[in-house]
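The values are calculated or read from the model by the stated rules, or taken from the named source; none is laboratory data. Note that this is a predicted model, so its numbers are computed, not measured. Don't worry about glycine lacking a Cβ; one is built from the backbone with ideal geometry, like all the others, and counts go over all protein chains shown. Areas reflect the complete protein model, heavy atoms only, side chains present, ligands, DNA and RNA absent. Shrake-Rupley method; radii C 1.70, N 1.55, O 1.52, S 1.80 Å.
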Amino acid sequence: MAIDPRELTQKEQDLLAAAVAFRTDYVEPHAAAWARQGKMPRAYFEEASKHGLCALLVPQELGGKGLSYNGLAAILSTLADACFSSTFALVVHNNLAANIARNGSSEHHAFLPAMIAGEKIGAFLLTEPGAGSDAAAISTTAKVSKDAIRLSGDKAWSTNGGIADLLSVYAQTSPGAGSKGIANYLVEAQTNGVQNSKPYDLFGVGAMNVSGFNFDNVILARKSEMIAPGKAFKAAMQGIDLARTMVAVMSAAMLQRSLHEAISYIKKRTAFGQAIANYQYPQHLLADVATDLVAANALNAQAVTALANDDNATTVAAHAKKFATKIALQRIADCMQIMGAAGALGEFPLSRHLACAKLAQYVDGTSEIQNVVIAREMFRAHES
Ligand code: CAA
């Protein structure tokens with residue numbers, strides 16, 4: 001997002017400078033290989049931690065950076081310029097750390113130093129093989145007794161799943177109770193009975209290390225409960241509002257980078273006796289790309305501001321995510337087209353960004369779910 005660094009505190013500007021260094025020295029040189037190999041090593045998180053990027057939203061009193069949402073957007077935008085999927089992996093890790101800081105007990109907080117050091121990696125386990133968009137319909141069960149909790153079921157589409165140590169698991173404590181029966185548990189991936197599936201074979205977004213899990217009668221201590229039934233589903237949805245906003249910001253960043261690459265390329269490349277940039281068609285096509293980008297940045301800024309002001313961000317985040325992911329997909333393709341076949345070369349990030357822009361239309365709720373959220377609010381407002 002086009003954030004004026006002057007809106008950031010000095011500490012946030014320093015962290016942004018560290019993010020720029022991390023992007024240039026580590027992410028940019030590795031991103032294409034992560035996409036090709038379909039995986040990203042754990043070392044990414046240790047490197048990110050060296051740059052202070054593993055506890056962005058954890059308050060300073062718990063050892064984190066206590067970053068504002070503006071600062072977060074600026075940093076994620078900087079990183080997604082080079083690689084959306086590793087940045088999304090970092091968002092999931094940071095969101096879990098923030099969730100632990102906000103909702104956890106001192107026992108849960110004990111995991112924060114290792115998360116901040118990038119030694120323990122977090123994952124968010126809501127989605128299931130049989131329940132994606134209808135998140136309240138999850139069927140992983142938590143049978144709660146006086147001394148223990150028994151967790152059984154399957155989880156799917158978990159970012160960082162392939163390398164995660166700490167799992168934020170949503171489970172139904174009272175079958176039939178819907179969203180009100182859902183609780184949240186913090187589970188170590190090494191616990192007996194937790195089984196990780198083979199990472200999914202996904203084109204272009206290998207750095208997300210997406211996989212599933214099976215929980216076969218996993219016995220947990222009662223203190224594993226981080227958010228009680230009645231509160232956990234809402235907390236998940238609030239976390240998703242933040243994630244949707246950041247996906248929108250990161251999608252705009254991929255488009256911004258693609259526009260930059262297209263302009264640089266066509267200023268140098270000649271055809272029929274002059275630079276391609278001198279022709280009106282590419283100028284106008286890229287001007288249309290720029291207009292969509294300005295519009296996406298404006299929507300994204302509204303969503304970030306709503307989060308920053310603690311206003312209800314649900315609808316504006318849905319607008320931002322739906323629009324930014326849509327134009328990223330269309331307009332990155334336009335930037336590639338104007339570069340000719342060169343746009344598809346691995347030396348440019350555009351083909352990776354294109355694959356990620358498509359995935360961005362699914363993660364944290366599909367574009368159709370964003371419309372469900374927007375339509376519900378619109379029709380509710382119309383009644384009153
Ligand atoms: N913030 C706070 N509370 C919210 C909320 C929000 N954004 N959305 C809903 N709630 C509350 C409601 O107010 C309601 O509370 P009450 O019971 O007190 O009235 C409760 O939660 C249930 O809400 P709904 O009745 O609206 O629930 P629903 O079953 O109709 O579903 C939905 C709503 C919008 C369709 C929701 O299920 C949804 O967003 N689905 C998409 C799920 C999604 O985005 N999944 C992606 C997960 S990310 C992932 O898996 C990948 C990864 O690795 C990160």
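The reciprocal of the average 1/r between distinct C-alpha atoms defines the Kirkwood hydrodynamic radius, which for the chain equals 21.3 Å.
Pick from Ile276, Ile332, Ile227 the residue whose mean-square fluctuation is largest in a GNM of the chain, springs joining Cα atoms under 10 Å. Result: Ile276 has the largest fluctuation of those listed. Of the three principal axes defined by the Cα atoms of the stretch 339-384, the extents in descending order read 54, 19, 10 Å. Once both labels are positioned 7 Å from their Cα atoms along Cα-to-Cβ, the gap between Thr291 and Val372 label points is 3.4 nm.
Surface composition of the stretch 30-165: carbon and sulfur atoms hold 49% of the protein heavy-atom accessible area at a 1.4 Å probe. For Arg102 and Ala21, a Förster radius of 30 Å and the Cβ-Cβ distance give a FRET efficiency of 0.55, rounded to the nearest 0.05. Among the listed pairs Lys39/Lys155; Lys120/Lys146; Lys120/Lys155; Lys11/Lys50; Lys155/Lys234; Lys268/Lys358, a Cα-Cα separation exceeding 22 Å is found for Lys120/Lys146; Lys268/Lys358.
Here the contact order of the chain, divided by its residue count and restricted to Cα pairs under 8 Å and six or more residues apart, works out to 16 percent.
Distance between the C-alpha centres of the stretch 247-277 and the stretch 193-221: 37 Å, rounded to the whole angstrom. For the chain, modelled as a GNM whose springs connect Cα atoms under 10 angstrom apart, the maximal fluctuation among Asn160, Asn371, Asn209 occurs at Asn371. Set the Förster distance to 30 Å, then compute FRET efficiency between Ser174 and Asn217 from the Cβ-Cβ distance, nearest 0.05. Efficiency, rounded to the nearest 0.05: 0.95. Legend: residue pairs Lys65/Lys231; Lys267/Lys321; Lys198/Lys231, Cα-Cα distance threshold 29 Å; pairs beyond threshold, Lys267/Lys321; Lys198/Lys231.
Rolling a 1.4 Å probe over the protein heavy atoms of the stretch 248-317, with every protein chain left in place, gives an accessible area that is 53 percent carbon and sulfur.
Here's how it looks for Glu128: its modeled amide H is under 5 Å from those of Ala156, which are all 5 or more places away or on a different chain. For the stretch 235-344, the Kirkwood estimate of hydrodynamic radius, built from reciprocal distances between every pair of different alpha carbons, is 14.8 Å. Summed over the residues of the chain and divided among them, the accessible surface reaches 45 Å² per residue at a probe radius of 1.4 Å.
This model, with +1 at the C-beta of Lys and Arg and -1 at the C-beta of Asp and Glu, gives the chain a dipole about its Cα centre of some 340 debye.
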